[in-house]
Amino acid sequence: MKKSLISRKELDSLSHKELIERAKDFAKQYCVGDGKNFSLKNYPTDDYPELKKNEKQIFKDLLQMGVETLASMQDKMYAQDKWSLLIIFQAMDAAGKDGAIKHVMSGLNPQGCEVNSFKAPSAEEIDHDFLWRCAKRLPERGRIGIFNRSYYEEVLVVRVHQQILQAQKIPEKLITEDIWDERFQDIRNFEEHLHRNGTIIIKFFLNISPDEQKKRFIERIDNPDKNWKFSASDAKERKYWNDYMNAYEQLIINTSTENSPWYVIPADDKPYARIAVAAAIISAMDSMDLKYPEVSAEKIAELQKIREELMVDE
């Protein structure tokens with residue numbers, strides 16, 4: 001049995017600063033960083049402690065503390081108005097992308113956060129380069145952008161089903177055996193450009209096992225309230241599992257960098273995965289040196305004068 005993530009005693013005495021430091025340390029184990037030596041086999045889907053009944057509440061309370069910490073950091077980020085944060089989620093179907101976004105980001109101010117889900121490209125999107133539809137949804141300074149799937153679909157589903165390339169109106173002479181390496185290069189350049197202009201990028205691959213996916217598919221079929229989340233195409237894609245895993249491994253090798261890292265999160269247990277995601281986001285935001293803007297002496301004097309006038313009005 002793996003060691004418990006944190007004890008109740010430790011959790012109850014954890015300060016805001018200590019939580020951030022522990023989150024940073026915890027997230028490191030799932031951060032790929034430079035992807036040159038990455039191998040997916042070194043990142044199990046069930047790398048989490050087995051929970052006793054009395055520990056489940058600890059996980060809930062720990063996630064809530066993480067949510068509150070993110071809310072506080074977002075408030076400073078919004079006020080500071082210098083950095084932006086782009087969070088990308090990629091995974092096989094039923095890995096928990098929607099749930100992670102819902103639970104981890106639940107405390108954020110909607111004014112400073114936007115979620116975009118990218119499905120099959122529209123006719124207009126196909127008439128542009130493969131980065132275009134995501135580029136126009138990038139977060140502004142002071143804001144958080146969340147991509148539920150992204151331009152990485154172009155080196156995942158398109159690579160697994162290469163006939164899709166024929167429908168993208170790309171000139172035939174440009175579709176060569178080097179196209180995937182070229183797209184990896186385009187993505188690296190794009191993300192480095194964003195980083196140099198103040199956008200921090202973190203990318204999550206929620207790593208689920210085929211057995212756990214099967215279990216969740218059956219739950220969706222058996223639960224009428226979740227039938228809408230399931231489609232026959234989801235089950236069909238399971239036949240290409242090994243192809244997808246190879247595609248994920250290649251994209252992480254080629255696009256995980258120190259400035260725009262991939263986090264490979266064990267996703268067979270949803271509560272644990274959400275804590276790992278929250279920890280990584282806290283770590284990324286802490287690197288921004290967030291603080292409220294300093295107010296000049298003249299501004300403070302002006303505010304005090306206004307306060308005095310307001311008190312007189314009473």
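Among Ile164, Ile201, Ile187, which is the only one that is under 20 Å from Phe130 (Cα atoms) and over 19 Å from the mean Cα position of the chain (by Cα)? Break it down stepwise before answering.
Working: Ile201 fails: over 19 Å from the mean Cα position of the chain (by Cα); Ile187 fails: over 19 Å from the mean Cα position of the chain (by Cα).
After ruling out the rest, the residue left standing is Ile164.
Pro44 passes every criterion in (1) exposed (fewer than 14 other Cβ atoms within 10 Å of the Cβ); (2) under 18 Å from Ala278 (Cα atoms); (3) in contact with a Ser or Thr (Cβ under 9 Å, 6 or more places away or on another chain) apart from (2).
Kindly provide the set of residues from the range 209-235 that are outside any helix (DSSP H, G or I) and exposed (fewer than 13 other Cβ atoms within 10 Å of the Cβ), ordered by number.
The initial filter retains those residues of the range 209-235 that are outside any helix (DSSP H, G or I), namely 209, 223, 230-231.
Across the range 209-235, the qualifying residues are Asn223, Ser231.
Would you confirm, using the coordinates I've provided, whether Ile200 is assigned to a strand (DSSP E or B) and over 26 Å from Tyr48 (Cα atoms)? Show your work before the answer.
Values: assigned to a strand (DSSP E or B): yes; over 26 Å from Tyr48 (Cα atoms): yes.
When the stated conditions are applied, Ile200 passes them.
From the list Ala278, Ala284, which residue is assigned to a helix (DSSP H, G or I), out of contact with any helix residue (DSSP H, G or I) (no Cβ under 8 Å at 6 or more places or on another chain) and of a type in the set (A, V, I, L, M, F, W, C)?
Working: Ala278 fails: out of contact with any helix residue (DSSP H, G or I) (no Cβ under 8 Å at 6 or more places or on another chain).
Every option except Ala284 fails the conditions.
When Ser39 is tested against (1) of a type in the set (Ser, Thr, Tyr); (2) within 23 Å of Gln213 (Cβ to Cβ); (3) modelled with pLDDT of 90 or more; (4) surrounded by 12 or more Cβ atoms within 10 Å (Cβ to Cβ), only condition (4) is not met. Which pairs turn up if I take residues in the range 237-262 that are free of Cβ contacts under 8 Å to residues at least 40 places away in the same chain and look for partners that are surrounded by fewer than 18 Cβ atoms within 10 Å (Cβ to Cβ) and not aliphatic (A, V, I, L, M) with beta carbon separation below 8 Å, at least 6 apart in sequence or on another chain? Cβ pairs passing all conditions: Arg238/Pro210; Arg238/Lys214.
Taken over the range 95-130, the residue count meeting the criterion of being closer than 25 Å to Val264 by Cβ, aliphatic (A, V, I, L, M) and surrounded by fewer than 16 Cβ atoms within 10 Å (Cβ to Cβ) is 0. Per the conditions (1) free of Cβ contacts under 8 Å to residues at least 24 places away in the same chain; (2) surrounded by 15 or more Cβ atoms within 10 Å (Cβ to Cβ), the sole criterion not satisfied by Gln80 is (1).
Within the range 142-157, being crowded, with 20+ Cβ neighbours inside 10 Å and in a helix (DSSP H, G or I) holds for Tyr151, Tyr152, Glu154, Val155.
Right, Pro139: in a loop (DSSP other than H, G, I, E, B), closer than 23 Å to Ile87 by Cα and in contact with a Ser or Thr (Cβ under 9 Å, 6 or more places away or on another chain) or not? Step through it out loud before you land on a result.
Numbers: in a loop (DSSP other than H, G, I, E, B): yes; closer than 23 Å to Ile87 by Cα: yes; in contact with a Ser or Thr (Cβ under 9 Å, 6 or more places away or on another chain): yes.
Considered against the rule, which asks whether it is in a loop (DSSP other than H, G, I, E, B), closer than 23 Å to Ile87 by Cα and in contact with a Ser or Thr (Cβ under 9 Å, 6 or more places away or on another chain), Pro139 comes out as yes.
Among what's in the range 245-295 and is small (Gly, Ala, Ser) and in contact with a His (Cβ under 9 Å, 6 or more places away or on another chain), pick the residue that is farthest from Ala79 (Cα to Cα).
Checking each candidate, the answer is Ser260.
Of all residues in the range 1-16, those being within 21 Å of Ser283 (Cβ to Cβ) and at pLDDT 85 or above number 5.
The values are calculated or read from the model by the stated rules, or taken from the named source; none is laboratory data. Keep in mind that what you see is a predicted model, and the values were worked out from it rather than measured. So basically every Cβ, Gly included, is an ideal-geometry build from the backbone, and we count neighbours across all protein chains shown.
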